[in-house]
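The values are calculated or read from the model by the stated rules, or taken from the named source; none is laboratory data. As the structure is a computational prediction, the values presented were derived from the model and not from experiment. So basically every Cβ, Gly included, is an ideal-geometry build from the backbone, and we count neighbours across all protein chains shown.
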Amino acid sequence: MSILIVGTVAFDAIETPFGKTDKIVGGAATYIGLSASFFSNNLNLVSVVGDDFPKQAIKILEQHNIDTKGLQIKEGEKTFFWSGKYHNDMNTRDTIETQLNVLETFDPIVPKEYQNSEFLMLGNLMPSVQKKVLDQMKTRPKLIVLDTMNFWMDHFLEDLKEALKEVDVLTINDEEARQLSGEYSLVKAAKKILETGPNYLVIKKGEHGALLFNKEEVFFAPALPLEDVFDPTGAGDCFAGGFIGYLEKTKDISFENMKRAVIHGSVMASFCVEKFGTERIKELTHQDVENRLQEFIDLVQFERSLTKS
Ligand code: AMP
């Protein structure tokens with residue numbers, strides 16, 4: 001079994017109440033891959049960077065079981081750049097700048113060896129590029145997960161709607177779910193969105209956890225209450241990586257198992273926010289992941305009293 005990951009590999013500049021970074025390595029696919037590598041050792045990447053992207057950063061991806069044959073390096077061009085600033089509550093951020101650079105002309109090529117991947121993670125990227133990747137798959141993957149953001153809803157809504165028709169799971173945050181559906185109630189939003197293609201919807205709510213919907217049921221996973229959230233960048237992507245990584249590892253795409261996958265996604269997101277950029281996720285051990293999973297179990301477990309009050 002393998003996972004094909006598509007998404008940005010990027011430079012980010014981030015400002016939070018805790019500090020500021022110059023250009024550091026980020027991107028949706030970077031976070032997804034690093035996070036999924038704790039569950040799967042068969043990860044394939046399709047993305048693009050410019051020749052300004054450090055070779056060392058590509059090496060780190062490879063050290064995390066990520067095959068980079070599908071990562072195009074464009075001579076004389078610049079890597080995608082995003083900068084964002086978080087507000088005091090850390091749940092909201094402003095995009096200061098998005099420079100598409102290499103993304104502007106990106107034509108994704110899925111190497112032959114990737115075309116039968118059983119799991120497809122369409123990370124945050126131009127919807128038309130996500131669709132182009134989907135169209136190159138030889139056999140329909142067992143599970144297709146798509147993540148996107150308001151930027152693409154603002155500028156490429158029709159392309160996004162086309163891609164959504166073909167996916168199984170959509171992951172977005174609460175603000176984006178409201179924007180996409182035109183509904184304030186997340187329950188109503190989920191109902192509407194599930195009529196447009198996906199059979200499952202994950203709504204990420206930052207420090208307030210995540211909701212998993214299908215047409216009949218809903219499941220809630222909390223976020224781990226943390227003393228300090230240093231930098232939320234990439235939390236959604238680490239969530240997606242943990243979610244799909246766990247599903248690939250367990251080879252079970254039932255709703256019951258997706259509940260466990262949502263918890264594993266939340267575990268990975270909880271690490272991501274503890275340091276700037278990919279710093280925390282890069283240094284994790286399997287034991288760290290195991291211990292944090294236990295913290296999540298302890299957080300939500302309770303005994304129903306047998307005596308009547
Ligand atoms: P997240 O915090 O999970 O939404 O992901 C943050 C990552 O998304 C950063 O590393 C950015 O490089 C990347 N990113 C920001 N804007 C976009 C965009 N419009 N398309 C794709 N990736 C983006």
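Could you tell me how many of the residues in the range 40-58 are small (Gly, Ala, Ser) and either within 15 Å of the chain's Cα centre (by Cα) or assigned to a loop (DSSP other than H, G, I, E, B) (or both)?
Filtering the range 40-58 down to residues small (Gly, Ala, Ser) leaves 40, 47, 50, 57.
Subset that is either within 15 Å of the chain's Cα centre (by Cα) or assigned to a loop (DSSP other than H, G, I, E, B) (or both): 40, 47.
Count: 2.
Can you tell me which residues in the range 76-103 are at pLDDT below 95 and of a type in the set (D, E, K, R)?
Those that are at pLDDT below 95 and of a type in the set (D, E, K, R): Asp89, Arg93, Asp94.
Quick check: anything in the range 17-39 assigned to a strand (DSSP E or B), free of Cβ contacts under 8 Å to residues at least 12 places away in the same chain and more than 15 Å from the ligand (Cβ to nearest atom)?
Let us first name the residues in the range 17-39 that are assigned to a strand (DSSP E or B), namely 19-20, 24-26.
Retained after the next criterion (residues that are free of Cβ contacts under 8 Å to residues at least 12 places away in the same chain): 20.
Right, trim to more than 15 Å from the ligand (Cβ to nearest atom) and you get 20.
Yes - at least one qualifying residue is present in the range 17-39.
Please enumerate the residues belonging to the range 87-130 that are surrounded by 12 or more Cβ atoms within 10 Å (Cβ to Cβ) and away from the ligand (no atom under 16 Å from the Cβ).
Ile109, Val110, Pro111, Glu113, Tyr114, Gln115, Asn116, Ser117, Glu118, Phe119, Leu120
Across the range 242-256, which residue is farthest from the ligand (Cβ to nearest atom) among those that are of a type in the set (Gly, Ala, Ser) and more than 30 Å from Asn88 (Cα to Cα)?
From the range 242-256, those of a type in the set (Gly, Ala, Ser) are 242, 245, 254; that's our starting set.
Remaining after also requiring more than 30 Å from Asn88 (Cα to Cα): 245, 254.
Working: Gly245: 15, Ser254: 26 Å.
Checking each candidate, the answer is Ser254.
Being in contact with a Pro (Cβ under 8 Å, 6 or more places away or on another chain) and farther than 24 Å from Ile244 by Cα, is that true of even one residue in the range 69-86?
Looking for residues that are in contact with a Pro (Cβ under 8 Å, 6 or more places away or on another chain) and farther than 24 Å from Ile244 by Cα, one finds at least one in the range 69-86, hence yes.
If you check Phe239 against the conditions, is it within 16 Å of the ligand (Cβ to nearest atom), assigned to a helix (DSSP H, G or I), within 26 Å of Asn116 (Cα to Cα) and out of contact with any Pro (no Cβ under 7 Å at 6 or more places or on another chain)? Steps first, please.
Values: within 16 Å of the ligand (Cβ to nearest atom): yes; assigned to a helix (DSSP H, G or I): yes; within 26 Å of Asn116 (Cα to Cα): yes; out of contact with any Pro (no Cβ under 7 Å at 6 or more places or on another chain): yes.
For Phe239, the condition - within 16 Å of the ligand (Cβ to nearest atom), assigned to a helix (DSSP H, G or I), within 26 Å of Asn116 (Cα to Cα) and out of contact with any Pro (no Cβ under 7 Å at 6 or more places or on another chain) - is met.
In the range 190-231, which residues are under 14 Å from the mean Cα position of the chain (by Cα) and either at pLDDT below 95 or surrounded by fewer than 20 Cβ atoms within 10 Å (Cβ to Cβ) (or both)?
Scanning the range 190-231 gives Lys205, Gly206.
Does any residue of the range 209-226 turn out to be within 12 Å of the ligand (Cβ to nearest atom) and of a type outside the set (Phe, Trp, Tyr)?
Step one: of the range 209-226, the residues within 12 Å of the ligand (Cβ to nearest atom) are none.
No; the residues of the range 209-226 include none that is within 12 Å of the ligand (Cβ to nearest atom) and of a type outside the set (Phe, Trp, Tyr).
In the range 247-262, what residues are in contact (Cβ under 8 Å) with a residue 40 or more places away in the chain and either part of a loop (DSSP other than H, G, I, E, B) or crowded, with 20+ Cβ neighbours inside 10 Å (or both)? Give the derivation first.
The first filter runs over the range 247-262 and keeps only residues in contact (Cβ under 8 Å) with a residue 40 or more places away in the chain, leaving 247-249, 251, 253, 255, 258-259, 262.
Selection gives Leu247, Glu248, Lys251, Ile253, Met258, Val262.
Hey, Glu77 hits all of (1) farther than 30 Å from Gly209 by Cβ; (2) part of a helix (DSSP H, G or I) but one; which does it fall short on?
Just one mismatch for Glu77, condition (2).
Would you pick out the residues in the range 67-86 that are of a type in the set (Gly, Ala, Ser) and crowded, with 17+ Cβ neighbours inside 10 Å? Talk me through it step by step, then tell me what you get.
Kept after step one, since they are of a type in the set (Gly, Ala, Ser), are these residues of the range 67-86: 70, 76, 83-84.
Once the filter is applied, which keeps residues that are of a type in the set (Gly, Ala, Ser) and crowded, with 17+ Cβ neighbours inside 10 Å, the range 67-86 yields Gly70, Ser83, Gly84.
Can you name the helices (runs of 4 or more DSSP H) wholly within the range 105-216 that have at least 2 residues being of a type in the set (Phe, Trp, Tyr)?
Working: elements: 127-135, 150-155, 157-164, 174-181, 186-193.
The qualifying helices (runs of 4 or more DSSP H) are 150-155.
Could you give me the residue pairs with C-beta distances under 6 Å whose first residue belongs to the range 98-123 and is under 19 Å from Ala36 (Cα atoms), whose second residue is within 16 Å of the ligand (Cβ to nearest atom) and part of a helix (DSSP H, G or I) wherever it lies, and which are 6+ apart or on separate chains?
Pairs that qualify, where the first residue is under 19 Å from Ala36 (Cα atoms) and the partner is within 16 Å of the ligand (Cβ to nearest atom) and part of a helix (DSSP H, G or I), are Phe119/Ile244; Met121/Ile32; Met121/Ile244; Leu122/Gln130; Gly123/Ala28; Gly123/Ala29; Gly123/Ile32.
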